[in-house]
């Protein structure tokens, strides 16, 4: 089997069979990460360029490690040390990079739609590592993979996303992926931090956290993205914590065997308390580890390595 597209731009509209294939393939790569030697040869001879127009720690390092563990040749481009500072356009930058005979591009950009734009400019496979407030598909996939790893399924679970939904590309990828795989999805946050016409996503929308947490299996907690907000959308961090912060007391409303998630970076004491972040129900560090396996799977499948007989 192979993916239905040459690129991974978003989870909205991605067929269930593609999601299942990525998650199943990631299972194989997750086992590799527990071996003494964590390197396999499927992408030997392929060149992957990471183009990051925004700061990143987890995503950039995760992609770099995933590429190296697949034996790809890698380059990482950041705007701070590039000709972009001299006025070079995005199109000229990426076309010059492609002229160096690269195969795949991983791109993060502050503007929604840039990964799609690159598919119109380049022959390389494009992977979206986050575009504006649009989507962050590999983060959505690794969150879903982590849930499936614990419960053995996605269908029938109740998943709640809490926090700054308005500016969260992670939330959008989670919503579309989880819905496609049969989960029941809800979101909760201040009304000023909810997406416009959120109900059209086909999900449940709450502004009362205690009501929202009733009967939930998984809580995925999102940080307040102050860097994306053009105006103060809530009175203070203290008030946000009182009304929407996830504390041990609030966990009592969840189903048994509940799970706590956070895509990072965490603002401890704001959207999540220390005891919740470090509790046995937290899979936050597992999300980071699983991110490598999921990104290895995406790179492997988009490269066509499985079609060429390059087995894991």
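The values are calculated or read from the model by the stated rules, or taken from the named source; none is laboratory data. It should be emphasised that the depicted structure is a prediction, and the values quoted were computed from it without experimental measurement. Quick reminder, even Gly has a Cβ in these numbers, built from the backbone with ideal geometry, and neighbours come from all protein chains shown.
Quick notes on this one:
- Qualifying residue in segment 44-61 (condition: free of Cβ contacts under 8 Å to residues at least 40 places away in the same chain and within 27 Å of residue 111 (Cα to Cα)): yes
- Taking segment 215-227 as the range and being in a loop (DSSP other than H, G, I, E, B) and in contact with a helix residue (DSSP H, G or I) (Cβ under 7 Å, 6 or more places away or on another chain) as the test, the residues that pass are 222, 224.
- A single member of 212, 293, 198 is modelled with pLDDT under 90 and surrounded by 15 or more Cβ atoms within 10 Å (Cβ to Cβ), and it is 198.
- Reported count of residues in segment 247-288, each being touching a helix residue (DSSP H, G or I) at 6+ places or on another chain (Cβ under 8 Å) and closer than 24 Å to residue 28 by Cβ, is 8.
- Single residue of 312, 270 found to be within 22 Å of residue 212 (Cβ to Cβ), modelled with pLDDT under 95 and not in a helix (DSSP H, G or I): 270
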